[in-house]
1. Only residues that are modelled with pLDDT of 65 or more and within 21 Å of the chain's Cα centre (by Cα): list them for region 124-146, please.
2. Quick one: in region 94-105, of everything that is closer than 17 Å to residue 23 by Cα and at pLDDT 90 or above, which residue is surrounded by the most Cβ atoms within 10 Å (Cβ to Cβ)?
3. Does region 39-91 hold any residues that are of a type in the set (Val, Ile, Thr), assigned to a helix (DSSP H, G or I) and closer than 14 Å to residue 24 by Cα, and which are they?
4. Filter region 10-45 down to the residues that are aliphatic (A, V, I, L, M) and more than 20 Å from the chain's Cα centre (by Cα) and list them by number.
Amino acid sequence: MSEVSKQDNPRLGRLKSGPLKREADTVLAMVRIYCHAHHGTKGEALCPDCQELADYAFKRLSCCPFKEEKPVCAKCKVHCYKPVYREKVAQVMRFAGPRVMFSHPVLALEHLWKSLTVTPPDKPRGKARQIPVKPAAPAAGSDKEK
């Protein structure tokens, strides 16, 4: 994650441990594989476009309404990503998915296991909104005119 994005969003702290950290590590590993192959970057560095995609994915992951019970994004009933980013991530996953097994086998197997076993929960619902009831207006021609 870039230093700027860590400072901007305090929710990114959720990605420091647990299942969400593994999801973030998996996304970052796949983005790196894609960026190294398509944009010629080396090591930990990412090109600006791929860094933007990774930062966006981390932001969406940190705001996931399912938190620790999160299914894999492909099976999720809530679509968090904007359509442009969803297509970019799908392109990265199609390319890097089969290749991540060689560089990060544990992350790949955990992701595969989760995709086969975790059932996506229903969309989370917020609290029911209370709609204020306005008093009815007096009818025209009521008995008060007498």
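The values are calculated or read from the model by the stated rules, or taken from the named source; none is laboratory data. The structure presented is a predicted model; accordingly, all values stated were derived computationally and were not measured. Cβ atoms come from the backbone with ideal geometry, glycine included; neighbour counts cover every protein chain shown.
1. Answer for region 124-146, where residues must be modelled with pLDDT of 65 or more and within 21 Å of the chain's Cα centre (by Cα): there is none.
2. Residue satisfying both the conditions and the ranking: 96.
3. Correct list: 89 only.
4. Keep residues of region 10-45 that are aliphatic (A, V, I, L, M), which gives 12, 15, 20, 24, 27-31, 33, 37, 45.
Matches in region 10-45: 37, 45.
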